[in-house]
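Peer 1: Structure provided below as structure tokens; questions to follow.
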There are 2 protein chains.
Amino acid sequence: MNPNAKLDQDPRSTREESLDPQDWNEMRRLGHRMLDDAMDYLEHVRERPVWKPVPEGTKRGLRAPLPVEGQDAGTVYEEFRRDVFPHTMGNIHPRFWGWVIGTGTPFGVLADLMASTMNPNMGGGDQGPNYVELQVLSWLKEMLGYPAEASGLLVSGGSMANLVGMAVARNAKAEGDLAQEGLKAAPRQMVLYASAETHNSVHKAASLLGLGRGALREIPVDRAFQIDVEALRRAIAEDRNAGRHPFCVVGNAGTVNTGAIDPLPELADLCKAEDLWFHVDGAFGALATVAPDLKPLVRGMERADSLAFDLHKWMYIPYEVGCALVRWPEKHRATFVAPADYLAHLTRGLPAGPIWFSEYGVQLSRGFRALKVWMSLKEHGAAKYGRLVAQNCEQTKYLVSLVEQEPDLEMMAPAPLNVTCFRFAPRGLDDARADAINEEILYGLQESGTAVPSSTMLRGRFSLRVCIVNHRTRREDLDLLVREVLQRGRAAVTAVSELARGA
Amino acid sequence: MNPNAKLDQDPRSTREESLDPQDWNEMRRLGHRMLDDAMDYLEHVRERPVWKPVPEGTKRGLRAPLPVEGQDAGTVYEEFRRDVFPHTMGNIHPRFWGWVIGTGTPFGVLADLMASTMNPNMGGGDQGPNYVELQVLSWLKEMLGYPAEASGLLVSGGSMANLVGMAVARNAKAEGDLAQEGLKAAPRQMVLYASAETHNSVHKAASLLGLGRGALREIPVDRAFQIDVEALRRAIAEDRNAGRHPFCVVGNAGTVNTGAIDPLPELADLCKAEDLWFHVDGAFGALATVAPDLKPLVRGMERADSLAFDLHKWMYIPYEVGCALVRWPEKHRATFVAPADYLAHLTRGLPAGPIWFSEYGVQLSRGFRALKVWMSLKEHGAAKYGRLVAQNCEQTKYLVSLVEQEPDLEMMAPAPLNVTCFRFAPRGLDDARADAINEEILYGLQESGTAVPSSTMLRGRFSLRVCIVNHRTRREDLDLLVREVLQRGRAAVTAVSELARGA
């Protein structure tokens, strides 16, 4: 007999309340309704506008006073359905190409449902979910050609993965016990290097780690937006001569602006010769290695001392999941471990797990983000991820060909991977006016719900930016984009001319 | 007519593949099946063992080679159901009281389903989810009695919230431009203070921020495990006399070991007088303020310059969600902002949102963790959270009364909140043997699936530790715990005696 059966009938139980539903069947019916809505939402995403401004009424509704008393879950869901569900960012749509924002998948969503149901804390312990994360880490190392002996950690995303890698770099290369004594006690100022095209999370990490943004030397790039290795060599030599302590180079496998890939083998050689830590920010570009034809582009990445990349970008897994890999497990752990009596590693029971992930990163409480990776990799297999990554790069080539065929459009940078920077620039339009018109084109595309590219400044000029980490995009979506850009651009030129004539 | 309808029939589409299912109805049926399993799992959790060791066969199964080809989603789910689903940590069970690990709720799980479906990136932009997070932050400030003008950020948990608060403290109190110049350039060594009972995430943050763990002065505690304010004053004076730069005091609203609450009003006064940043780690204890009878215990918390707390602990929301609040929004933003061309704040379109959350913390990519908080607060209302928090404290009082009634049990520390530290200690058992026997009791409770307390060392002695942040716990669960501890303890004493007689 189940020893709990009697307890459940104990009349004293009625004195205590819980957050479980009064009526489980009702909650279950609501859940099925939500699941149907979720599947409808995903199945028919192509039929909706990519994005729409959030209506003022909705914004006002989301400035309500604190709910003191509760209400029926079904009623709460209706409010969500009316006020929140329709007003998403749009990144699950086939024509969303802004920043570097992933798409998600239906089975990934269902994996999140089960992860939240189990609701483990993945700090450590002998529990199924921890073995799943270990499994996922070993798969990712294999997929990316990184050494199997490396340590790893699933994190919230690339920014955190960069922070982890750079923290280990700082501590491992410090002259003294930096974890204990801090940077003030360091004999020389520690400095690190990255190209001027490096992601701002690297600047944030330099600041947070107490090195200061000034300690990050921004090395110029060449015409392909790749780091100038000779300039890097000179900068290192100058710092050494000035009595500073160069300790790390951050290489890019896919810059955010243009998808440029730094010459990673050269950087690896240089770091070895100069005794510097080699960190690679491969937020999305690292995944290129999964596509056989693209693999040579990111060669050298596997030689990094630490590697940061995202799975919610070019692996299309729902948010949030990124990964930090470190070639030197003991250096990795030494950076983050902080013993505590309440976390003693006992020899048996739940605490006697295979690993305490909390000793490899910032988080002690950690959710089961590994599950969606595990289920997605099993569903699709690594080969399909390779094909999808290659497909996004082929689509980019296709977009580049469309741009190059159009005299009124101009490429703004090479497009080695999946990022296309271009703009509407018919002959005779000066740069300032082109900036304004392209900004107007961007707003028009977004506000009409047609497509969401983003923008950037390249060599001082405003550029439209199309980054495809989207498994739903098709070539006809790019045809539509180009038609719309031309039409909106020409309309803007006409409007400006008429305005000028009228004035 | 929907302009996409024609596109969808374009024969070229067939050349491109996606990660969407071939058959949406099949995926939907699988989803409904998973939802039913999830609801069964939650509804019947009380009938299962709390925890069981992960079988060797399961561990072996989770060391498979990288899947190169995909398989049917249903098959993947069956594997999950067999190998992962049964082997959870157990923290959703009514008799899980280890560490400080929350429980989750069914509607919180369904909220995660919808968050993953929408899959927005909450770095910024004009999108519904960002307004939801702003709404949730204003509710949390109201609930906790923190100033409405404060800035805030939902984060992965308390460790990250402490890191955020301490980073702002460091930069705001620095003598010079620390974000740019780093700690090496600081004129004096920066030091901070916290009690010896402070959570290890504070030590980790001191290390990560480049201050060094040594910069964190561990101030002794009194018999109630509260910081000794006189010792703190002396330490500050000594550091000032030695030419160092005291900049911050971290106060505890609920220590992890015993739930002790530092004298927060005294600390607030002292910080004001000494011009120090006052950071409060209220990981779980901050929530005590929601229960009217407990509110006085954490008075003074609302005067903190920054406040860290978790929602996946004592608000029973599924993992991961914590919160960092900062009284000084501009200092908060200045610590984390890092402008970038690709993140330009345009005046219209998607980027023209109400806030860029990425400028207030480490993450640029951020998931929609706000949704489960929004839906849960509306479902239950703040008053019910107050009742549940109070209920857990009353259950703790009840457990203390059981322990105190039993001559063979000993309280190891005061229990001001929801943490009970006690052990089996019949007269005549020396400390070393009591340590061993209580460790054995802990293993037995866990391995039998009866209950999961955790352990800690208090003044050098091994203690069982029961922390109730569990809305499913009932008093009879605590009755059962005490019976089992006594039974297992006595059996262990008998076994030891027999062994001694036999020897």
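A short reminder: the numbers here are calculations on the coordinates, not readings from a lab. If you're wondering where the values come from, they're calculated on a predicted model, not measured in any experiment. Methodologically, a virtual Cβ is constructed for each residue, glycine included, from the backbone with ideal geometry; neighbour enumeration extends over all protein chains shown.
Peer 1: For B:V136, what is the net charge nearby, where nearby means another residue's Cβ is under 12 Å from its Cβ and Lys, Arg count +1, Asp, Glu -1? All intermediate terms of the calculation are to be shown ahead of the outcome.
Peer 2: On the way: positive: A:R63, B:K141, B:R369, B:K372, B:K378; negative: B:E133, B:E142.
Result for the local shell: +3.
Peer 1: Then there's this: Please list the non-local residues whose amide H lies under 5 Å from the amide H of A:V155, H modeled 1.01 Å from N, same-chain partners needing a gap of 5 or more.
Peer 2: A:G322, A:C323, A:A324
Peer 1: Taking the Cα-to-Cβ direction at A:K397 and at B:D72 and moving 7 Å from each Cα, how far apart do the two end points lie in nm?
Peer 2: Result for the modelled spin labels: 3.6 nm.
Peer 1: Next question, about the same structure. Going highest first, how would you order B:405-417, A:418-430, A:373-385 by mean Cβ packing within 10 Å?
Peer 2: The peptides rank, most packed first, as A:373-385, A:418-430, B:405-417.
Peer 1: Something else: Looking at the protein assembly as shown from every direction and averaging, what is the projected area of its Cα convex hull in nm²? Write out the running numbers ahead of the final one.
Peer 2: Numbers: hull surface 167.7 nm².
Quarter of the Cα hull surface area: 41.9 nm².
Peer 1: What full-extension length gain, to one decimal in nm, is calculated for A:N241 and A:W24 as 0.36 nm per residue of separation minus the Cα-Cα distance? Don't skip to the answer; put the middle values down first.
Peer 2: Working: separation 217, 0.36 × 217 = 78.12 nm, distance 7.11 nm.
Full extension of this stretch gives 71.0 nm more.
Peer 1: For peptide A:71-83, compute the average count of partner chain beta-carbon atoms within 10 Å of each residue's beta-carbon.
Peer 2: That works out to 4 on average.
Peer 1: When Cβ neighbours within 10 Å are restricted to other protein chains, what is their mean count per residue of peptide B:129-135? Working shown, then result.
Peer 2: Working: counts 5, 5, 10, 5, 1, 3, 7.
Per-residue shielding by partner chains comes out at 5.
Peer 1: Inside 10 Å of the C-beta atoms of A:441-450, what's the mean count of C-beta atoms belonging to other chains? Show your work: numbers first, answer last.
Peer 2: Details: counts 0, 5, 7, 2, 1, 7, 3, 0, 0, 1.
Other-chain Cβ atoms within 10 Å of each residue's Cβ, averaged: 3.
Peer 1: A further question on this structure: Which three semi-axes in whole Å describe the equivalent ellipsoid of chain A, each the square root of 5 times a Cα gyration tensor eigenvalue, listed largest first?
Peer 2: Details: eigenvalues 321, 259, 84 Å².
Three semi-axes, in Å: 40, 36, 20.
Peer 1: In addition: Size of the dipole of the protein assembly as shown about the Cα centre, Lys and Arg at +1 and Asp and Glu at -1 on the beta carbon, nothing else charged, in debye to 20?
Peer 2: Details: 114 positive and 128 negative charges, 151 e Å.
Its charge dipole is roughly 720 debye.
Peer 1: Ratio of the stretch B:191-233's C-alpha Rg to 2.2 N^0.38 Å, to two decimals?
Peer 2: On the way: Rg = 10.6 Å, N = 43, 2.2 N^0.38 = 9.2 Å.
This ratio for the stretch B:191-233 stands at 1.15.
Peer 1: Another question about this same structure. Mind jotting down the distance between the C-alpha centroids of the stretch B:439-503 and the stretch A:345-411, whole Å?
Peer 2: First find each Cα centre; the distance between them is then 43 Å.
Peer 1: Below 8 Å, C-alpha to C-alpha, sequence gap of six or more: please give me the relative contact order for the stretch A:233-325 in percent. Display every interim value, and only then the final one.
Peer 2: Working: 153 pairs, mean separation 21.8, N = 93.
It comes to 23 percent, rounded to a whole number.
Peer 1: Can you compute the radius of gyration and Dmax for the stretch A:120-367, using only the Cα atoms, both in Å?
Peer 2: In Å, with Rg to one decimal and Dmax whole: 17.9, 59.
Peer 1: Right, something else. So which aspartates and glutamates pass the test for A:K331, namely a Cα distance under 16 Å, with those fewer than 8 places away in the same chain ruled out?
Peer 2: A:K331 reaches A:E149, A:E175, A:D177, A:D275, A:D305, A:E359.
Peer 1: Name the residue from A:F309, A:G428, A:G128 whose Cα lies farthest towards the positive end of the charge dipole of chain A, charges +1 on Cβ of Lys and Arg and -1 on Cβ of Asp and Glu.
Peer 2: A:G428
Peer 1: Please report the orientation-averaged projected area of the stretch B:67-185, defined via the convex hull of its C-alpha atoms, in nm².
Peer 2: Details: hull surface 55.1 nm².
Dividing the Cα hull surface by four gives the mean projection, 13.8 nm².
Peer 1: Also, I was wondering about something else. Take the alpha-carbon centre of the stretch B:85-127, take the same for the stretch B:264-309, and report the distance between them in whole Å.
Peer 2: The stretch B:85-127 and the stretch B:264-309 have Cα centres separated by 27 Å.
Peer 1: Shifting gears a bit: Too long at a 21 Å Cα-Cα cut-off: which of A:K313/B:K378; A:K204/B:K184; B:K59/B:K372; B:K204/B:K295; B:K295/B:K372; A:K313/A:K384? Mind dumping the intermediate values first?
Peer 2: On the way: A:K313/B:K378 32 Å; A:K204/B:K184 17 Å; B:K59/B:K372 32 Å; B:K204/B:K295 29 Å; B:K295/B:K372 25 Å; A:K313/A:K384 15 Å.
Among A:K313/B:K378; A:K204/B:K184; B:K59/B:K372; B:K204/B:K295; B:K295/B:K372; A:K313/A:K384, the Cα-Cα distance tops 21 Å for A:K313/B:K378; B:K59/B:K372; B:K204/B:K295; B:K295/B:K372.
Peer 1: Separate question: Would you mind working out the magnitude of the charge dipole of the stretch B:120-368 relative to its Cα centre, with +1 at each Lys and Arg C-beta and -1 at each Asp and Glu C-beta, to the nearest 20 Debye? The partial results should precede the final answer.
Peer 2: Numbers: 23 positive and 28 negative charges, 55 e Å.
The dipole magnitude comes to about 260 debye.
Peer 1: Shifting gears a bit: Using +1 on the beta carbon of Lys and Arg, -1 on that of Asp and Glu, and nothing else charged, what's the dipole of the stretch A:377-503 about the Cα centre, debye to 20?
Peer 2: Values: 17 positive and 17 negative charges, 85 e Å.
Dipole about the Cα centre, nearest 20: 400 debye.
Peer 1: Go ahead and estimate [θ] at 222 nm for chain B from helices alone: -39,500 (n - 2.57) per DSSP H run with n ≥ 4, summed, over the residue count, rounded to 500. Could the numbers behind the result be given before it?
Peer 2: Working: 16 runs with 215 residues, N = 503.
The helix contribution divided over chain B gives -13500 deg cm²/dmol.
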